[in-house]
């Protein structure tokens with residue numbers, strides 16, 4: 001074999017053995033990952049220090065719990081306002097012009113039971129508080145003490161018994177608090193209501209009525225027709241639909257040269273046309289009168305004249321009650337009287353006939369208005 005060929009063959013063998021040695025050593029050593037390349041933050045200041053290497057953010061951990069965020073405290077509740085009655089008793093707790101049961105607010109830091117009242121002293125609401133908010137049984141009443149509503153509140157909000165948190169129990173039918181009695185209102189709270197039927201409401205109280213009657217009208221005789229007015233005192237016992245009437249008074253008849261005064265007396269009855277304090281009535285009375293007349297002008301002979309009369313009158317009127325024991329009477333009466341004494345008559349001359357007695361038989365028509373007040377139980 002030539003020398004040149006032997007040298008080439010030895011070179012190939014040496015290269016093969018070196019390659020095999022280097023390959024086996026590389027296979028036994030584990031492959032290591034290359035270190036991450038350094039990351040530099042950009043330098044925004046021309047004279048700052050050289051940028052330092054900054055490691056990249058670690059990868060997220062799978063199934064990790066979310067980060068906790070601190071909770072903000074709840075906003076404070078508005079404060080309720082307690083209003084009082086003039087006697088110092090609680091009237092209501094309101095919050096922004098609404099009752100505290102209809103709005104979420106607090107009454108300071110009060111804990112316990114607070115009762116509100118109506119103006120007459122009866123209970124309006126019974127409120128339960130815990131740390132200033134409604135918590136517990138709330139009851140509402142009407143003015144007569146009847147229970148209107150019962151609600152349960154928890155933490156200031158109404159809750160149904162089926163939605164209350166576990167461990168909170170609702171009392172069942174606990175005894176209701178009795179309505180309070182105040183000294184200044186005890187008569188209102190203790191006095192029972194008295195009901196009356198229609199007959200009692202229309203009945204006038206009292207045993208006997210005393211009244212004053214004013215009269216105005218005309219007196220007509222064969223001699224003269226003068227204007228007639230007077231005032232009468234009346235006594236009327238309260239005897240329901242039929243009752244007696246006693247009266248006495250004074251009246252005057254005036255016309256130009258004719259003047260006289262009468263003192264009438266009468267005894268009669270009043271009969272109501274239908275029952276009740278306000279009614280219409282008929283009146284029938286026997287009457288008597290003493291009359292005295294002054295002769296007008298300077299005439300010879302007697303200057304005065306007196307006489308006695310008797311007669312009767314009848315009329316119709318209306319009665320209107322003005323109070324439990326008083327009423328008004330208004331009526332129209334017609335009557336006639338004749339002279340009954342034996343004294344000599346003074347005559348008045350007549351333009352179309354013989355003279356007529358100045359105090360003679362006459363007819364009366366009067367309009368009357370009376371006010372009567374009853375006395376006695």
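Summary table below
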item	result
Shape call, region 201-375: gyration tensor on alpha carbons, a/c limit 1.5	prolate
Fewest-first ranking of 225, 372, 340, using other Cβ atoms within 10 Å as the exposure measure	340, 225, 372
Computed label-point distance, nm, for sites residue 256 and residue 321 using a 7 Å Cα→Cβ extension	5.1 nm
Sorted peptide list for 288-294, 82-88, criterion being average Cβ within 10 angstrom, highest first	288-294, 82-88
Pairwise label distance in nanometres, residue 103 with residue 369, each label 7 Å out on the Cα-Cβ vector	5.8 nm
Residue 84 versus residue 248: modelled label distance in nm, points set 7 Å from Cα along the beta carbon direction	6.4 nm
Residues residue 312 and residue 274, FRET efficiency given R0 of 35 Å [Cβ-Cβ distance, rounded to 0.05]	0.90
Burial ordering of 287, 326, fewest other beta-carbon atoms within 10 Å first	326, 287
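The numbers here are math on the coordinates, done by the rules we state, and not lab data. Note that the coordinates shown come from a computational prediction; the quantities given were computed from them, not determined experimentally. Note that each Cβ is placed from the backbone with ideal geometry, even for glycine, and that neighbours are counted across all protein chains shown.
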